[in-house]
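Asker: One structure is given below, represented as structure tokens, and several questions about it will come after.
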Amino acid sequence: MNLGQRLAGVETDGVRAAPQVERVVDDGDAGHGSESSREGKTPAFLHNAFGRPSPHPDMNCAFVGAGAVAREYADGLDDTGLRLAAVCDLDADRAAALASDHDAAAYGDLSALLDAEDAPLVVNLTSHAAHADVTRTALDAGRHVYSQKPLALDPATARDLVALADDRDRALACAPDNATAPAQRRAATALADG
């Protein structure tokens with residue numbers, strides 16, 4: 001499954017197609033540990049992962065962070081019902097470059113993006129240290145959030161974000177660990193080689 005397929009189908013108004021998955025952390029873990037599934041609103045990024053059509057054929061999303069992983073995510077959107085409407089990055093030139101490749105608006109400030117764009121989904125592709133602040137800002141603005149891992153740098157902050165999403169009735173999800181990513185494959189090979 002490509003990255004865009006993981007993002008397809010965020011629920012925005014009562015559409016329910018699959019169980020919601022949220023990142024739940026154990027004490028001492030900042031979002032890298034156990035995951036738990038629970039019934040609830042269906043984030044759209046899970047909807048297509050189960051092979052169902054997106055309930056929102058042309059849903060807009062906004063990327064925050066325009067680095068290398070953002071390009072991978074954006075390139076995977078073609079197979080989904082999501083459309084990249086806006087890109088935000090502190091490096092305005094980098095935001096503009098990615099945005100122009102996908103006919104999206106570019107921003108150098110998250111508040112400006114949230115004020116100007118009505119995209120219901122924010123995809124948080126920032127640095128690890130920025131994940132919690134960006135996610136909190138987007139949730140406070142009434143947006144659903146899909147974040148790269150980790151959700152936060154400490155368990156208490158991650159729990160606060162999950163509680164905030166619940167309070168705001170917004171979907172919140174975090175990218176799963178990928179055992180087949182290049183770094184994990186190199187580590188597995190090194191361990192196997194002794």
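Asker: Applying the selection to the stretch 169-184, what residues are open to solvent by less than 60 Å² (accessible area, probe 1.4 Å) and within 20 Å of CYS61 (Cβ to Cβ)?
Answerer: ARG170, ALA171, LEU172, ALA173, CYS174, ALA175, PRO176
Asker: Okay, moving on. Which of the residues spanning the stretch 150-168 are open to solvent by less than 80 Å² (accessible area, probe 1.4 Å) and assigned to a loop (DSSP other than H, G, I, E, B)?
Answerer: Residues satisfying the conditions are PRO150, LEU151, ALA152, ASP154.
Asker: Kindly indicate whether any position in the stretch 98-116 is open to solvent by less than 40 Å² (accessible area, probe 1.4 Å) and either among the hydroxyl-bearing types (Ser, Thr, Tyr) or at positive phi (or both).
Answerer: No, because not a single residue in the stretch 98-116 is open to solvent by less than 40 Å² (accessible area, probe 1.4 Å) and either among the hydroxyl-bearing types (Ser, Thr, Tyr) or at positive phi (or both).
Asker: Another question about this same structure. Can you name every residue in the stretch 79-117 that is modelled with pLDDT under 95 and within 22 Å of LEU161 (Cα to Cα)?
Answerer: none
Asker: So for the stretch 140-149 (the condition being basic (Lys, Arg) and open to solvent by less than 80 Å² (accessible area, probe 1.4 Å)), does at least one residue qualify? Steps first, please.
Answerer: Pass one, the stretch 140-149, residues basic (Lys, Arg): 143, 149.
Checking which are open to solvent by less than 80 Å² (accessible area, probe 1.4 Å) leaves us with 143, 149.
Yes: one or more hits.
Asker: To continue, here is another question. In this structure, is ALA129 exposed (fewer than 13 other Cβ atoms within 10 Å of the Cβ), in contact (Cβ under 8 Å) with a residue 12 or more places away in the chain and part of a helix (DSSP H, G or I)? Spell out the reasoning first.
Answerer: Details: exposed (fewer than 13 other Cβ atoms within 10 Å of the Cβ): yes; in contact (Cβ under 8 Å) with a residue 12 or more places away in the chain: yes; part of a helix (DSSP H, G or I): yes.
Criteria met by ALA129.
Asker: Within the stretch 81-97, can one find any residue that is in a helix (DSSP H, G or I), of a type in the set (A, V, I, L, M, F, W, C) and closer than 17 Å to CYS174 by Cα?
Answerer: Keep residues of the stretch 81-97 that are in a helix (DSSP H, G or I), which gives 92-97.
The next check asks that each one be of a type in the set (A, V, I, L, M, F, W, C); those that pass are 92, 95-97.
Still in the list and also closer than 17 Å to CYS174 by Cα: none.
The answer is no; no qualifying residue exists.
The values are calculated or read from the model by the stated rules, or taken from the named source; none is laboratory data. As the structure is a prediction and not an experimental result, all values here were calculated from the model. Counting neighbours? That spans all protein chains shown, and the Cβs are built from the backbone with ideal geometry, glycine included. Heads up: the accessible areas ignore ligands, DNA and RNA and are worked out on the full protein's heavy atoms, side chains in. Shrake-Rupley method; radii C 1.70, N 1.55, O 1.52, S 1.80 Å.
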